[in-house]
Amino acid sequence: MANQEYKLGLIGWPLGHSLSPAIHNAALRAAGLEGNYQLFEISPLPDGKKEMVSLLDNMRHGKLQGLNVTIPHKQAVIPLLDGLTSLASQIGAVNTILLENGQLIGDNTDAAGFIASLTKFTKTIPNNCLILGAGGAARAAAFSLAPRCKQLYIAARRKNQAQQLGNEILKANLNSNLQVLPLVLSPEGIRPFLEEIQLIINATPSGMSPNVNASPWPDDISFPEHAAVYDLIYNPSETLLIKTARNAGLRAQNGTDMLVEQAALAFQHWTGQIPSRSEMLNALIDSLEYSELHTHHPKEEV
Ligand code: NAP
C-alpha cells in the first residue's frame, strides 16, 4: 500500500530484552517502508485481558497491521481471535496475528521458520530426527518435522509431556513412526536408537544465557557419529551443546536463522513484501552482541 505507515508490534510480558523490534525495524527500513515495531507489555490474563482485547480491536479496525505474540500469551490469546491457521491450531500456540477480511487470524511462523532454516542447514530433511523438549518450540518443530521425516523421537524430562505431543502427532496422522523417550538418556532411553539418529534438535532452554554451562546432552553418551545438531537457542551463539558437538566432529547450528525466518515470514504476511533477511540478521547480531556484553555468566551455574 503506497505511503502506508506500518504499525507492528509484539505482545508479551515481560519484554525488556526482546530482539524483535531491532529485527522488524531493520526489515521496515530495508524495504523503504514507513512505520515501526513496538512492544506491548500486557500482564498475564485474566489481569491483562481488557488491555489485550482493546489492542486486538485496534488491529481489527486497521490501527495496527501486525502483531507477534510471545510468552505468556501464545495460548491465552487464542480464544480472543476470530480464527487460526491449521498449523497454529495443531500446535495450539500463536506467535503471529494476521488481519484477513476484518478477521484476526492466529498463525504460527515458528514452525515454518524452523523448517525453512533447517532445510538451509541440512539441505534435505534427515530420516531419523530426535527432538529434545516438548514445550512450545518443540511443538512447532515436531508438527512441522513429523510429516517430513521417517522416524521421529521426542525426549522430554517430563515423559508425559512428550507422550501428549506424540499422541497428538499420531492422531493428526502426521507420522506413525514415533517414539517417546525420557530426557535422561539412559541405556533404557536413547542408547538402543542412538546410532540411527541423524539430527538432534534442542528445543529446551538448557544452555541458554545465563545458564551457559548447561547442556541437554548427557556427558556420558557419545553423539551419534553421523548426526547434525540444531540448537534453537540463539543466546549464546555457541551453546555448550553446539561446542561439544563440534568438538566431536558434528555439524551444528544455533537458532539465530530460525528467529530471522519466523520474523521474515510474519513481516511478509503483514506487508506483502519479502524482507531483507541479511539486514534482519545483522540487526539481530548487533542486538545479541549488545546483550552478551551486558549479561553476567555465572561460572558454576548449570
Ligand atoms: P517452553 O515452552 O518453556 O518449553 C521448554 C521445554 O524444555 C519443556 O519441555 C521443559 O520441560 C523443557 N526444559 C526446560 N528446562 C529444561 C532443562 N534445564 N533441561 C531439560 N529440559 C528442560 O519453552 P519454549 O518456548 O519451547 O523455548 C525453548 C527454547 O527454544 C528456548 O531456549 C527459546 O529461546 C528457544 N526458541 C527459539 C526460537 C528461535 O526462533 N530460534 C523460537 C522459539 C523458542 P518442563 O515443562 O518440565 O520445564
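We did not get these values from a lab; they are worked out from the coordinates using the rules stated. Small disclaimer: the values here were computed from a predicted structure and weren't measured. Every residue, glycine among them, receives a Cβ derived from its backbone with ideal geometry; neighbour counts consider all protein chains shown.
Observations
- Between K150 and A214, the FRET efficiency from the beta-carbon distance, with R0 = 41 Å, is close to 0.85.
- Exposure proxy order (Cβ contacts within 10 Å, fewest to most) of S276, S117: S276, S117
- The chain - share of DSSP beta bridges that are antiparallel (%, nearest 5): 15
- Of the trypsin sites (Lys or Arg not before Pro) found in the range 5-103, those that fall in a DSSP loop while having at most 15 other beta-carbon atoms within 10 Å are K63.
- Global geometry of the range 118-216, whether rounded, prolate or oblate, following the gyration tensor of its Cα atoms and the 1.5 cut on a/c: rounded
- For the range 59-150, the fraction of alpha-carbon pairs in successive 10 Å shells from zero, as %: 16, 45, 27, 11, 1
- Note on the chain: percent of Cα-Cα distances in each 10 Å bin, starting at 0 and stopping at the bin with the largest distance, equals 6, 27, 34, 24, 8, 1, 0.
- The residues I91, I197, I71, when put in order of fewest to most other Cβ atoms within 10 Å, stand as I71, I197, I91.
- Applying D = kT/(6 pi eta Rh) to the range 1-134, where Rh is the Kirkwood radius over alpha-carbon pairs, T corresponds to 25 °C and eta to 0.890 mPa s, the Stokes-Einstein value obtained is 152 µm²/s.
- Ranking of R157, R277 by count of other Cβ atoms within 10 Å, fewest first: R157, R277
- Stretchable slack from T122 to T70, in nm (0.36 nm times residue separation minus alpha-carbon distance): 16.0 nm
- A crude spin-label estimate for the pair T244 and L170, with each label 7 Å from Cα along the Cβ direction, gives 3.0 nm.
- Spin-label model distance (nm) - S54 vs Q38, 7 Å beyond Cα toward Cβ: 1.2
- Residue of V53, V212, V94 that the Gaussian network model of the chain assigns the largest fluctuation, springs spanning Cα pairs under 10 Å: V53
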